[in-house]
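Worksheet: one structure, shown below.
The values are calculated or read from the model by the stated rules, or taken from the named source; none is laboratory data. Remember, it's a predicted structure, so these values are computed and weren't measured experimentally. In this analysis, Cβ positions are derived from the backbone assuming ideal geometry, glycine residues included, and neighbour counts consider all displayed protein chains.
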Amino acid sequence: MTILLKPDHFAFLKNKSIEHYSDKLATLAQANDELTFKDDNEIKNFMESVISEDFILGDTGKFYINMKQPVNVINGTHEEEFLQLEKRSSINPNTKVKEVDFNIAFENFENATLFDEDSVGDLPNSMKIYAAAEFRLPEIEAVKIYGDYDKWLDSYLKEDNNEENEEMSSEESEIDIQSEDNDDLDEIGEPARTSETIENDEHIETIRSYKEIISDSMKQAEVSSKKGRGSRKVKASVKAK
């Protein structure tokens, strides 16, 4: 059974030589280091792809709408009457309200609109009947029939890699921003010390030193006072005798 692979997994295997078991083992070892797998099912699919050598790129989740698709399925033909939908928005000069309208045309494959589940919701009510599964043609299948699959695949994989790189770049930027924020804190998480805060800290430390000196002096004076009173009492006692 042909196995459907994710774009990055497919791109990894696309030009690999996996004819011999030694090649398969080396490929699996490399994949373990370089690829990511969401769960055991993805791992299973990938391993079976390597062993069977029977795999294709899975569904992209996008599709074309061909008015002739039901007829093509019945007759085994490849007639083209693809839906082209152009969404336009403008501000009404009288009401100042944003208005949306659609330009609908029926074109050949090269000029057709590629839909997904979100964009197909933009179809006007009068055209929603054509969003049914009978009129849909998956992107990969359509490219194989009406386009240049190899050229499309190279472009698709490059685009997918660019999106992954942009996501990684975005994550790295967030880390850099957090790092810059942390640079404003010292090791214990306090705000960075400036010349003003250093001067204030030195002033406070000086006051503390003065307080400690005064406190020590008062304690010494109190001790000396107690010693003095004790001596006088002893002398008075001696005189009484």
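Every test in (1) outside any helix (DSSP H, G or I); (2) farther than 24 Å from THR113 by Cα; (3) under 31 Å from the mean Cα position of the chain (by Cα) is passed by MET1 save one, and that test is (3). Each residue in the stretch 15-45 was checked for being within 23 Å of the chain's Cα centre (by Cα) and in a helix (DSSP H, G or I), and 8 pass. Scanning the stretch 51-77 for residues that are in a loop (DSSP other than H, G, I, E, B), surrounded by 13 or more Cβ atoms within 10 Å (Cβ to Cβ) and under 30 Å from the mean Cα position of the chain (by Cα) returns GLY58, THR60, LYS62. Restricting attention to the stretch 133-154, the residues that are hydroxyl-bearing (Ser, Thr, Tyr) and either at pLDDT 90 or above or not in a helix (DSSP H, G or I) (or both) total 1. Among the residues of the stretch 19-46, those that are under 21 Å from MET1 (Cβ atoms) and loosely packed, with under 15 Cβ neighbours inside 10 Å comprise GLU19, TYR21, LYS38, ASP39, ASP40, ASN41, LYS44.
All conditions in (1) in contact with an Asp or Glu (Cβ under 8 Å, 6 or more places away or on another chain); (2) under 26 Å from ASP154 (Cβ atoms); (3) at pLDDT 95 or above hold for GLN69, with the sole exception of (2). Here the condition is being among the acidic types (Asp, Glu) and assigned to a loop (DSSP other than H, G, I, E, B); of GLU86, GLU80, GLU110, GLU48, it holds for GLU80 alone.
Does ASP8 meet the test of being surrounded by 10 or more Cβ atoms within 10 Å (Cβ to Cβ), assigned to a loop (DSSP other than H, G, I, E, B) and touching a residue at least 60 places away in the same chain (Cβ under 8 Å)? Criteria not met by ASP8.
In the stretch 101-149, of all residues being in contact (Cβ under 8 Å) with a residue 40 or more places away in the chain, over 18 Å from GLY58 (Cβ atoms) and of a type in the set (Gly, Ala, Ser), the one that is surrounded by the fewest Cβ atoms within 10 Å (Cβ to Cβ) corresponds to ALA131.
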